[in-house]
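Values in this text are rule-based calculations from the coordinates and carry no lab data. If you're wondering where the values come from, they're calculated on a predicted model, not measured in any experiment. Note: ideal-geometry Cβ built from the backbone for every residue, glycine included; neighbour counts use all protein chains shown.
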Ligand SMILES: Nc1ncnc2c1ncn2[C@@H]1O[C@H](COP(=O)(O)OP(=O)(O)O)[C@@H](O)[C@H]1O
Ligand SMILES: [Mg+2]
């Protein structure tokens, strides 16, 4: 794997996990812990005091009305907010116990470990093959052409796309359907062997059949990866996630087992949202 440097401000947990190595990380433990996260755009607060644990090998859904901060929070998890000029993040996010905001952390390596898939499929204007090979090439992951071929074919296979593109590997990816393009973007994310995949409304630009394929894929992928999905569809959250976090007006109101959130929410705002009274 690609360890990020241990921080000088390491907590007890990070010392244990970095000394013992990844294999010793408890299977059921969180892959990501967010502690006291505040985010500002300029002076304007977008998120206030968010605390959440992202479980390993599960799908965590982030739900809530438009503008409540779901995308902002997702971008905190691989420091994509660093790219937004006036955006400031306070608090700590630990990935396998290591603080990803520590100054010595290499952001490129971090984003290999925490990959991202966006709302609108965004394949590069290159061939199907070159889209998936792109990450392994720039990060020098493959040692030979045969090795690269294997990574590309495996990633497409895991993304449920190989059978559809086997004969089109060298055609432009922009000629694929929207649903195929989104699965290609997932294959591209997988190709650099991430631990966590962040998805921001990955189905909202897709038709119902293509969405269903991507939903099935998300469920399969959790065996190998930990997944965080932002969705504005409560039905989708209920179908694909094991854990749900409900955001409202920049606050994480409630989180827990998906089934419980949708059947017996504790907070009246969650109740109002899932019954369609707010949002
Ligand atoms: N780049 C930005 N610059 C300024 N404000 C932003 C930016 N991105 C998001 N915001 C603001 O932050 C809040 C949360 O937005 P966002 O995270 O996109 O919400 P969601 O994904 O839940 O719809 C909104 O008030 C939005 O207007
Ligand atoms: Mg959003």
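Using the rule -39500 (n - 2.57) for each DSSP H run of four or more residues, divided by the residues of the chain, the 222 nm mean residue ellipticity is -10000 deg cm²/dmol.
For the pair residue 157 and residue 242, label points projected 7 Å from Cα toward Cβ lie 2.5 nm apart. With the radius of gyration and the Kirkwood radius both derived from the Cα set of segment 97-201, what is their ratio Rg to Rh? Here the Rg-to-Rh quotient is 0.99. In this simple spin-label model, placing a label point 7 Å from the Cα along the Cα-to-Cβ direction at both residue 259 and residue 49 gives a separation of 3.2 nm. When the chain is treated as a Gaussian network with alpha carbon springs shorter than 10 Å, the biggest mean-square fluctuation among 240, 93, 209 belongs to 209. Within the listed set 69, 91, 115, the residue fluctuating most in the Gaussian network model of the chain (springs between alpha-carbon atoms under 10 angstrom) is 91. Which one, 149, 163, 219, has the greatest fluctuation when you compute a Gaussian network model over the chain with C-alpha springs under 10 angstrom? Of 149, 163, 219, the most mobile in the Gaussian network model is 163. Across all Cα pairs in segment 127-184, the calculated P(r) in 10 Å bins from zero up to the longest distance comes to 25, 57, 18, 0 percent per bin.
Can you compute the FRET efficiency between residue 124 and residue 57 using 1/(1 + (r/R0)^6), with r the Cβ-Cβ distance and R0 = 35 Å? Round to the nearest 0.05.
Efficiency, from the Cβ-Cβ distance: 0.75.
Under Stokes-Einstein, with the Kirkwood radius over Cα pairs as Rh, the value for the chain at 10 °C and 1.306 mPa s is 82 µm²/s.
Ordered by the count of other Cβ atoms within 10 Å of each Cβ, fewest first, 104, 98 give 104, 98.
May I ask you to list the residues of segment 38-54 whose amide nitrogen lies under 17 Å from a point 7 Å from Cα along the Cα→beta-carbon direction of residue 88? Under 17 Å, as judged by backbone N against the label point of residue 88, lie 38-50 of segment 38-54.
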